[in-house]
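For reference, the structure discussed in these notes is given below.
The values are calculated or read from the model by the stated rules, or taken from the named source; none is laboratory data. These figures come from a predicted structure and were not determined experimentally. Glycine gets a Cβ as well: all are built from the backbone with ideal geometry, and neighbour counts include every protein chain shown. Side chains included, ligands, DNA and RNA excluded: accessible areas come from the protein's heavy atoms. Shrake-Rupley method; radii C 1.70, N 1.55, O 1.52, S 1.80 Å.
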Amino acid sequence: MPELPEVETIRAQLAPRLEGRTLTRVEILDPRLTRPYDLFEVAEELEGDRVEAVERRGKYLVLRLQRGLALLIHLRMTGSFGFTPATHERAVLDLDDGSRLAYRDVRRFGTWLVLESADVEPYLSAKNGVEPLGARFTVAWVASRLAARRAPLKAVLLDQRVVAGLGNIYADEALWRARANPLRAANDLVPEEVARVHRAIRAALRAGIERQGSTLRDYAAPDGAEGSMQDEFRVYGRDGEPCPRCGTTISKTRVGGRGTWFCPRCQPLTADVLR
Ligand SMILES: [Zn+2]
């Protein structure tokens, strides 16, 4: 599932190709993409409009359109974009420069939603906390979110209202960087640990963006190039391999039903205020 770094990579590649372009023809091929709204109605709303900006909020892509509408795209499990024809196309945007942008989605969990621009911020704010790479994502903000929850630390961090855009991969990578155990009760962290978690979330996401995201199974960036973050994972998917920091064998467990990788030595289950 694409997380913040993957969606940001897609945004950065789509923006120069889409901004200023008119959608001369919009074809939506899968009714699941726009439900509960009719796919023909949505296509008609988009057709002929011009893309002003391609933005990202959490894991959402937001296409701002000239006539005052916005298209919110969530890629979910397997949504992706490409400028060359491919299998599993669920929508096609023809642009006024002659290019053809296809939206592909093998598992069909992705969503396209058209909103009036005034409704965009309320809609996204209800589902997403502050942006983790923005100025409002402070240690105090993370502390206030964690203090309210007794659930496992990782489960709380995966809540999009706590850390917008963070998913299973970067949560594991961030917790390894922070030397925090994913199963710790969120409200059990001492201030020093909260500060480490805050810093580690930013570092893990920035590392992902720098490497153009990770390429796993069905994800690929619009230009067809593959991200390289998967080669840089410190713990994610690496059970049985040595921890890059201490050499201890990386363990795998489950948190909230999600596969979770951690170093049992660097990330102990008890508070480690003395480190
Ligand atoms: Zn270790």
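Which residue, of 53, 12, is under 22 Å from residue 115 (Cβ atoms) and outside any loop (DSSP other than H, G, I, E, B)?
Details: 12 fails: under 22 Å from residue 115 (Cβ atoms).
Criteria check complete, one pass: 53.
One line per residue, one yes/no per condition, for (1) without any contact (Cβ under 8 Å) to a residue 12 or more places away in the chain; (2) small (Gly, Ala, Ser):
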{"position": "124", "(1), (2)": "no, no"}
{"position": "143", "(1), (2)": "no, yes"}
{"position": "165", "(1), (2)": "no, yes"}
{"position": "176", "(1), (2)": "no, no"}
{"position": "191", "(1), (2)": "no, no"}
{"position": "210", "(1), (2)": "yes, no"}
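Do we find that residue 7 is closer than 25 Å to residue 129 by Cβ and either crowded, with 20+ Cβ neighbours inside 10 Å or in contact (Cβ under 8 Å) with a residue 12 or more places away in the chain (or both) in this structure? Talk me through it step by step, then tell me what you get.
Details: closer than 25 Å to residue 129 by Cβ: yes; either crowded, with 20+ Cβ neighbours inside 10 Å or in contact (Cβ under 8 Å) with a residue 12 or more places away in the chain (or both): yes.
It is true that residue 7 is closer than 25 Å to residue 129 by Cβ and either crowded, with 20+ Cβ neighbours inside 10 Å or in contact (Cβ under 8 Å) with a residue 12 or more places away in the chain (or both).
I'd like to verify a number: residues in the stretch 125-148 that are within 15 Å of the chain's Cα centre (by Cα) and basic (Lys, Arg), how many?
Residues meeting the conditions: 1.
Among what's in the stretch 94-108 and is within 23 Å of the chain's Cα centre (by Cα), surrounded by 16 or more Cβ atoms within 10 Å (Cβ to Cβ) and not basic (Lys, Arg), pick the residue that is nearest to residue 77 (Cα to Cα).
Among them, the one singled out is 105.
So in the stretch 23-39, with the set limited to residues that are surrounded by 15 or more Cβ atoms within 10 Å (Cβ to Cβ), assigned to a strand (DSSP E or B) and of a type in the set (Val, Ile, Thr), which one is farthest from the chain's Cα centre (by Cα)?
26
Going through the stretch 250-264 one residue at a time, which ones are touching a residue at least 60 places away in the same chain (Cβ under 8 Å) and over 19 Å from residue 185 (Cβ atoms)? Before you say what the answer is, go through the steps one by one.
Taking the stretch 250-264 and keeping what is touching a residue at least 60 places away in the same chain (Cβ under 8 Å), we get 253, 255-256, 258-263.
Result: 259, 261, 263.
Restricting to the stretch 40-53, give me the number of residues that are without any contact (Cβ under 8 Å) to a residue 60 or more places away in the chain and open to solvent by 20 Å² or more (accessible area, probe 1.4 Å).
The initial filter retains those residues of the stretch 40-53 that are without any contact (Cβ under 8 Å) to a residue 60 or more places away in the chain, namely 40-41, 43-44, 47-53.
Next, from what is left, pick out any that are open to solvent by 20 Å² or more (accessible area, probe 1.4 Å): 40-41, 44, 47-48, 50, 52-53.
So the count comes out to 8.
Kindly provide the set of residues from the stretch 54-92 that are among the acidic types (Asp, Glu) and open to solvent by less than 40 Å² (accessible area, probe 1.4 Å), ordered by number. So that I can check it myself, show each step before the final result.
So in the stretch 54-92, the residues among the acidic types (Asp, Glu) come out as 55, 89.
The answer is 89, and nothing else.
Is it the case that residue 197 is among the aliphatic types (A, V, I, L, M), part of a helix (DSSP H, G or I) and either open to solvent by 50 Å² or more (accessible area, probe 1.4 Å) or modelled with pLDDT of 95 or more (or both)? Spell out the reasoning first.
Values: among the aliphatic types (A, V, I, L, M): yes; part of a helix (DSSP H, G or I): yes; either open to solvent by 50 Å² or more (accessible area, probe 1.4 Å) or modelled with pLDDT of 95 or more (or both): yes.
Yes; evaluated as a whole, the condition is true for this residue.
Counting just the residues of the stretch 250-271 that are open to solvent by less than 80 Å² (accessible area, probe 1.4 Å) and near the ligand (Cβ under 9 Å from one of its atoms), which one comes out nearest to the chain's Cα centre (by Cα)? Let's see the steps before the verdict.
Taking the stretch 250-271 first, the residues open to solvent by less than 80 Å² (accessible area, probe 1.4 Å) are 250-251, 253, 255-257, 259-264, 266-268, 271.
Adding the requirement that they be near the ligand (Cβ under 9 Å from one of its atoms) leaves 250, 262-264, 266-267.
On the way: 250: 25, 262: 21, 263: 24, 264: 27, 266: 26, 267: 24 Å.
Step by step, filter the stretch 250-271, then rank; the result is 262.
So residue 224 passes all but one of these: (1) more than 16 Å from the ligand (Cβ to nearest atom); (2) open to solvent by less than 70 Å² (accessible area, probe 1.4 Å); (3) at pLDDT below 95; (4) at negative phi. Which condition number does it fail?
(4)
For residues in the stretch 235-249 being surrounded by 15 or more Cβ atoms within 10 Å (Cβ to Cβ) and more than 9 Å from the ligand (Cβ to nearest atom), which is nearest to residue 168 (Cα to Cα)?
Across the stretch 235-249, the extreme among qualifying residues is 236.
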